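The values are calculated or read from the model by the stated rules, or taken from the named source; none is laboratory data. Note that the structure is a prediction, hence the values are computed from the model and not measured. Neighbour counts are summed over all protein chains in view; Cβ atoms, including those assigned to glycine, are modelled from backbone coordinates with ideal geometry. Only protein heavy atoms, including side chains, enter the accessible area calculation; ligands, DNA and RNA are left aside. Shrake-Rupley method; radii C 1.70, N 1.55, O 1.52, S 1.80 Å.
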Amino acid sequence: MTADWSPETLLAQALGEIEPVYGGVAPPIHTATTYIRSADNSYPMGVAYGRDDNPTSAAPERLLARLENGKQALLFASGMAAAVAVFEGLPVGAHVLAPKVMYWGLRKWLLDRVAAGRLAVTFAALHEPGVAAAALAERTTALVWAETPSNPLWDVIDIAALAAAAHKAGAVLAVDSTAATPMLTRPLDLGADVVMHSATKYLNGHSDIIAGALVFPDDGPLYQSAKTQRHDGGAIIGHFEAWLLLRGMRTLHLRVAAACAGAAAIAERFANDARIADVLYPGLASHPGHSVARRQMRGGFGGMLSIRVKAGQAAAIQTAADVQLWKRATSLGGVESLIEHRASVEGPTTPVPGDLLRLSVGIEAPDDLIRDLDLALGRL
Ligand SMILES: *Cc1c(COP(=O)(O)O)cnc(C)c1O
């Protein structure tokens with residue numbers, strides 16, 4: 001497809017690619033694990049073995065690279081596998097700077113690597129101006145990891161400012177852009193060196209596959225290293241999952257727009273509710289990250305928000321128990337709305353307040369979601 005089609009068009013037509021044998025407008029699922037070698041000893045189609053090569057996963061990789069304005073994309077078995085491929089490329093003992101509050105599973109993995117002597121990690125409030133520069137001045141750093149908006153407080157990190165600070169200090173910047181999606185933020189355009197997605201979430205959008213992705217602005221050392229990690233470690237996406245991912249991505253723009261509109265309506269409705277201590281949503285003018293979010297997010301502030309229940313932890317858990325429409329489950333970015341008491345998931349060492357409920361807004365009618373939450377809060 002020509003260079004200037006909008007993301008909506010690229011998504012709807014999955015780059016306009018037509019299946020070359022029969023002319024199907026939807027791709028087949030290529031199940032082959034190995035491909036024929038010619039008598040001249042070459043691979044005429046450029047594909048050899050399924051751990052590296054599969055036309056079914058190459059299609060969503062091309063689409064994602066295009067959406068992020070990158071050159072290369074790699075799909076992985078999960079978001080965690082994608083993130084791990086970035087960190088495993090670092091030398092033993094390398095120093096990493098990461099957000100104080102971030103996706104819990106990755107924070108735990110990093111802490112385990114520190115305990116094992118593999119990496120050194122500083123966790124700092126990277127959403128506050130000057131904090132990253134001060135940490136980078138203190139210690140030689142190989143990689144800065146950002147997540148924005150970040151789980152589950154939805155702090156907003158200024159990607160352009162962080163990229164400048166990281167590069168000045170000789171570090172690379174990786175951004176977990178799962179919550180923003182390429183519809184709302186394009187980290188590579190703001191100076192990031194690699195973008196990570198849990199494709200399990202918005203990219204697929206239907207809560208029915210686990211997948212991850214990395215996107216790179218070029219095919220330089222970061223890309224080569226992650227590709228080698230994937231080849232050697234083997235954390236590839238399955239062909240059926242890759243096919244479902246592309247199918248899900250074709251409506252990404254519609255789902256993200258609906259989730260943003262729903263989240264904004266819910267945030268507005270409960271922002272000044274007497275039963276709620278705080279609504280954490282970057283789209284609210286009162287949110288500390290609102291002005292940065294206005295600059296670096298386009299078309300909305302995302303479908304994720306958290307509310308803090310004034311009556312405390314037990315009341316928050318009771319609210320999640322009393323909703324009918326919201327589904328009590330972890331994860332995010334699906335068409336169905338989810339509610340979760342995060343501190344219960346993260347355990348006693350969590351930095352997340354006990355009165356916090358995380359909300360992943362799906363594509364249902366916002367008024368129904370508001371009514372359901374309002375009734376549950378009313379029962380307290
Ligand atoms: C879910 C998630 C991950 C991990 O992805 P998996 O696909 O579950 O491995 C990483 N970062 C964020 C922000 C997530 O929401």
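Counting only strands (runs of 3 or more DSSP E) that sit completely within the stretch 130-213, zero hold 3 or more residues that are without any contact (Cβ under 8 Å) to a residue 40 or more places away in the chain and crowded, with 23+ Cβ neighbours inside 10 Å.
Among the residues making up the stretch 3-46, those that are open to solvent by 80 Å² or more (accessible area, probe 1.4 Å), β-branched (Val, Ile, Thr) and without any contact (Cβ under 8 Å) to a residue 12 or more places away in the chain are Ile18, Val21, Val25, Ile36. The set of residues in the stretch 69-79 that are within 16 Å of the ligand (Cβ to nearest atom) and either in a loop (DSSP other than H, G, I, E, B) or more than 10 Å from Ala213 (Cα to Cα) (or both) comprises Ala77, Ser78. Among the residues making up the stretch 60-72, those that are crowded, with 21+ Cβ neighbours inside 10 Å and either touching a Pro at 6+ places or on another chain (Cβ under 8 Å) or outside the structural domain of Arg186 (by TED's automatic domain parsing) (or both) are Leu64, Leu67, Glu68, Gly70. Each residue in the stretch 339-380 was checked for being open to solvent by 60 Å² or more (accessible area, probe 1.4 Å) and in a loop (DSSP other than H, G, I, E, B), and 5 pass.
Considering each residue of the stretch 166-184, count those that are touching a Gly at 6+ places or on another chain (Cβ under 9 Å) and either of a type in the set (A, V, I, L, M, F, W, C) or within 14 Å of the ligand (Cβ to nearest atom) (or both), and give that number. Qualifying residue count, the stretch 166-184: 9. Just one of Arg328, Arg371 is under 21 Å from the mean Cα position of the chain (by Cα), at pLDDT 95 or above and more than 16 Å from the ligand (Cβ to nearest atom); which is it? Every option except Arg328 fails the conditions. Right, Ser198: within 18 Å of Asn69 (Cβ to Cβ), within 12 Å of the ligand (Cβ to nearest atom) and under 14 Å from the mean Cα position of the chain (by Cα) or not? Spelling it out, it is not the case that Ser198 is within 18 Å of Asn69 (Cβ to Cβ), within 12 Å of the ligand (Cβ to nearest atom) and under 14 Å from the mean Cα position of the chain (by Cα). State which residue is nearest to Val215 (Cα to Cα) when the search covers only the stretch 90-123 and only residues that are in contact (Cβ under 8 Å) with a residue 60 or more places away in the chain and surrounded by fewer than 20 Cβ atoms within 10 Å (Cβ to Cβ). That would be Trp104. Taken residue by residue, the stretch 349-360 has at least one member that is in contact with a Leu (Cβ under 7 Å, 6 or more places away or on another chain), within 16 Å of the ligand (Cβ to nearest atom) and either on the phi < 0 side of the Ramachandran plot or at pLDDT below 95 (or both). Surrounded by fewer than 20 Cβ atoms within 10 Å (Cβ to Cβ), basic (Lys, Arg), closer than 17 Å to Lys227 by Cβ and touching a Ser or Thr at 6+ places or on another chain (Cβ under 9 Å) - does that describe any residue in the stretch 47-54? Taking every residue of the stretch 47-54 in turn, at least one turns out to be surrounded by fewer than 20 Cβ atoms within 10 Å (Cβ to Cβ), basic (Lys, Arg), closer than 17 Å to Lys227 by Cβ and touching a Ser or Thr at 6+ places or on another chain (Cβ under 9 Å).
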